[in-house]
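Before any comments, here is the structure.
The values are calculated or read from the model by the stated rules, or taken from the named source; none is laboratory data. In this text the structure is predicted, and so the values were computed from the model without any measurement. We place every Cβ from the backbone using ideal geometry, glycine too, and count neighbours over all the protein chains shown. The protein model used for the area step is the full one, side chains on, heavy atoms only, and it has no ligands, DNA or RNA in it. Shrake-Rupley method; radii C 1.70, N 1.55, O 1.52, S 1.80 Å.
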Amino acid sequence: MLKHPKSNKEMNNAIVLLIIIGTCLTSGCSNAQSMSSDKILIVYLSRTNNTKAIAEIIQRNVGGTLVALELEKPYPENYQQTVQQVVKENETGYLPPLKTKIDSIEKYDVVFLGFPTWDMKMPPPVKSFLHQYNLSGKTVIPFNTNAGYGVGSGFESVRNYVQRAKYWKALKLGVG
Ligand SMILES: Cc1cc2nc3c(=O)[nH]c(=O)nc-3n(C[C@H](O)[C@H](O)[C@H](O)COP(=O)(O)O)c2cc1C
């Protein structure tokens, strides 16, 4: 089921996200904090910069390489057209090709993976990333922003894709 963003909640969400990320970075993600920052990769998808803002906070706290997922063929500017395209891609299992290339993913031990909820799911470009790059043996830490309806099946999908990852800890973000 697609739930549309509650635009008046977006700012509140961002604040909640910041608090939770802050908590994570001082406790549950301490393995990332104590690790050499050249072993940390922060990958994110962001259309309107909410997830980007969280990714940048994580980088400020733990260091690491920040990578935005970009598509060979970007989604339309128009929100409704993007929603329709995403619904179709989810129905058909289409994996949009990524313009972003990550050099030597094997050199990273910790991968933060951030994405917004789209159609109550993981966005198709994030599926493309997880199909393309092998994260087995790494610590994978997903984080999410949404418009108040929650992460949906996004974290569950991360778990399914990275079953062979060493460890994963989902950051439960957003309100709803
Ligand atoms: C195509 C699309 C579908 C979305 N579907 C949902 C949804 O199902 N539930 C929800 O809470 N928010 C949904 N949103 C809102 C985004 O998850 C939310 O605004 C998020 O914080 C945007 O992150 P960004 O600024 O990093 O792109 C959707 C946004 C888009 C563009």
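Key figures
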quantity: Any helices (runs of 4 or more DSSP H) falling wholly within the stretch 44-161 and containing at least 1 residues that are under 15 Å from the mean Cα position of the chain (by Cα) and charged (D, E, K, R); calculated: 50-62, 124-132, 154-161
quantity: Scope the stretch 85-119; condition of a type in the set (Phe, Trp, Tyr) and either within 16 Å of the ligand (Cβ to nearest atom) or open to solvent by 20 Å² or more (accessible area, probe 1.4 Å) (or both); matching residues; calculated: Tyr94, Phe112, Phe115, Trp118
quantity: Count of the stretch 141-157 residues which are surrounded by 24 or more Cβ atoms within 10 Å (Cβ to Cβ) and more than 14 Å from the ligand (Cβ to nearest atom); calculated: 1
quantity: Close pairs from the stretch 136-148: first within 11 Å of Trp118 (Cβ to Cβ), partner among the hydrophobic types (A, V, I, L, M, F, W, C) and part of a loop (DSSP other than H, G, I, E, B), Cβ under 6 Å, at least 6 apart; calculated: Asn144/Val151; Asn144/Leu173
